[in-house]
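Contents: one structure, followed by commentary.
The values are calculated or read from the model by the stated rules, or taken from the named source; none is laboratory data. Because the structure is predicted, anything quoted here is derived from the model rather than measured. When we count neighbours, we look across all protein chains shown, and the Cβ atoms used for this are built from the backbone with ideal geometry, even at glycine.
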Amino acid sequence: MASVPYTTTDIPSAFDPSSFILFTNVGKTCRHVLTALLASPQYAAKHPRIRVVVHSEGSAASLRAAFPPLPADAVLIGDVRELSVVRAAVAGGITHVFHVGPEFTPLEATIGINFMDEARTAGVRFFVFASALHPFRRKMINHRIKLDAEEYLAEARLPYCVLQPSDHMQNNDVKGSVEKGELVQLYSVEEKEAFLDLADLAEVAVKVLASPGEHNLARYELFGYALTYKEAAEALSRVSGKPVQARKLQREEALVYCEERARSRGEREYHANGFAMMTAYNDRWGLLGNSNVLRWLLGRKPTTWEQYCKRVLGV
Ligand SMILES: NC(=O)c1ccc[n+]([C@@H]2O[C@H](COP(=O)([O-])OP(=O)(O)OC[C@H]3O[C@@H](n4cnc5c(N)ncnc54)[C@H](OP(=O)(O)O)[C@@H]3O)[C@@H](O)[C@H]2O)c1
């Protein structure tokens, strides 16, 4: 049944001249991984080809401006809800896939499963899926839907690695918070939440992509630090030298925010419901994890929120 090597010992452990990496979108995560990949010694040594799926001409232009080394034919414009786009994306010798699902869409699992099926048919050698920390926290529909995709991947007879990132530090507007003197959050500012620097995730992703043999069939929880938003605001005050207070949005304000976020992205109820449920979940339970796996993979301590704020503010 298996048409591609499946066990760890069967698959090559480094990029080679035939390596051709597909990024299935160009959101925040993929941009960080692309940045890290293009700057990595593994890329410099073998120059794997790269293809990126983007949703629109506008996204294509912004990708080309951000990554001038990418050749024009590296960009494929299309809607990943279309099977024909998924099929075209993996065609032509793709060897590695880095997949991130578009968030808060009911088709998220289907899109992931289509990429897995088409990747296997096309003979892809390694599939990296950026999921989310604790997909079993099923009360959050954006976590639960990743369980279906992860389960499918585990049974897909395709060499794979699952990365399970926690909440990104990049979700916060550091400069704007310093200007306004407040770090706003939709949920409790007293519950411990997750803080992960996407640059750390990207460093891990490059290691994983460049060494499938080492990381095949693994799933890694990528958790940076647990902080309350009160603690995060205090750290931001220290780093910036300006007073910053943490503020939880009122319930009505938060619900309006969820609705507007959904509408601005062309989505409606599912997106707004999912976002509102995630907010309620974090309000009650926060999001805690352990940073050992991330530290082991990085070979150093994860980036702290203070270090991240200094980097963003240039101080
Ligand atoms: N934010 C967090 O803290 C966090 C933590 C853990 C996991 N996650 C997961 O990470 C994923 C989101 O990743 P991200 O934050 O890197 O993404 P993002 O910045 O939200 O960007 C999503 C990308 O997907 C593209 N896209 C959306 N629908 C598409 C379609 N139908 N066809 C083609 N492209 C499409 C968008 O393009 P356009 O903008 O052009 O539409 C955009 O480039 C979600 O699954 C989320 O659950 C997020």
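At a glance:
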| item | result |
| --- | --- |
| Yes/no for residue 272 being assigned to a helix (DSSP H, G or I), in contact with a Lys or Arg (Cβ under 9 Å, 6 or more places away or on another chain) and either without any contact (Cβ under 8 Å) to a residue 24 or more places away in the chain or over 30 Å from residue 106 (Cα atoms) (or both) | yes |
| Whichever residue in region 155-169 is away from the ligand (no atom under 15 Å from the Cβ) and in contact (Cβ under 8 Å) with a residue 24 or more places away in the chain and, among such residues, is surrounded by the fewest Cβ atoms within 10 Å (Cβ to Cβ) | 157 |
| Qualifying residues in region 66-111 (those that are charged (D, E, K, R) and farther than 22 Å from residue 268 by Cβ) - the one farthest from the ligand (Cβ to nearest atom) | 73 |
| Yes/no for residue 175 being at pLDDT 95 or above, closer than 30 Å to residue 47 by Cα and more than 16 Å from the ligand (Cβ to nearest atom) | no |
| Tabulated pairs, region 98-126, first touching a residue at least 40 places away in the same chain (Cβ under 8 Å), second of a type in the set (S, T, N, Q) and surrounded by fewer than 19 Cβ atoms within 10 Å (Cβ to Cβ), C-beta under 7 angstrom, 6+ apart or interchain | 120/3; 123/3 |
| Test: residue in region 191-199 that is within 13 Å of the ligand (Cβ to nearest atom), modelled with pLDDT under 95 and in a loop (DSSP other than H, G, I, E, B) | no |
| Restricting region 63-80 to residues that are surrounded by 14 or more Cβ atoms within 10 Å (Cβ to Cβ) and not hydrophobic (A, V, I, L, M, F, W, C), the residue that is modelled with the lowest pLDDT | 64 |
| Exclusive hit being closer than 23 Å to residue 217 by Cα and surrounded by fewer than 18 Cβ atoms within 10 Å (Cβ to Cβ), set 40, 18 | 18 |
| Search result, residues across region 211-224 that are surrounded by fewer than 24 Cβ atoms within 10 Å (Cβ to Cβ) and at pLDDT 95 or above | 218, 219, 220, 221 |
| Qualifying residue in region 133-140 (condition: at pLDDT 95 or above, more than 11 Å from residue 220 (Cα to Cα) and within 11 Å of the ligand (Cβ to nearest atom)) | yes |
| Residues (among the hydrophobic types (A, V, I, L, M, F, W, C), over 16 Å from residue 64 (Cβ atoms) and either touching a strand residue (DSSP E or B) at 6+ places or on another chain (Cβ under 8 Å) or within 10 Å of the ligand (Cβ to nearest atom) (or both)) located in region 21-52 | 21, 22, 33, 37 |
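Yes or no, residue by residue, for (1) more than 26 Å from residue 163 (Cα to Cα); (2) of a type outside the set (Gly, Ala, Ser):
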position	(1), (2)
236	yes, yes
256	yes, yes
263	yes, yes
268	yes, yes
276	no, no
280	no, no
306	no, yes
315	yes, yes
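This table checks each residue for (1) out of contact with any Leu (no Cβ under 8 Å at 6 or more places or on another chain); (2) under 30 Å from residue 151 (Cα atoms).
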| position | (1), (2) |
| --- | --- |
| 166 | no, yes |
| 178 | no, no |
| 183 | no, no |
| 197 | yes, yes |
| 240 | no, no |
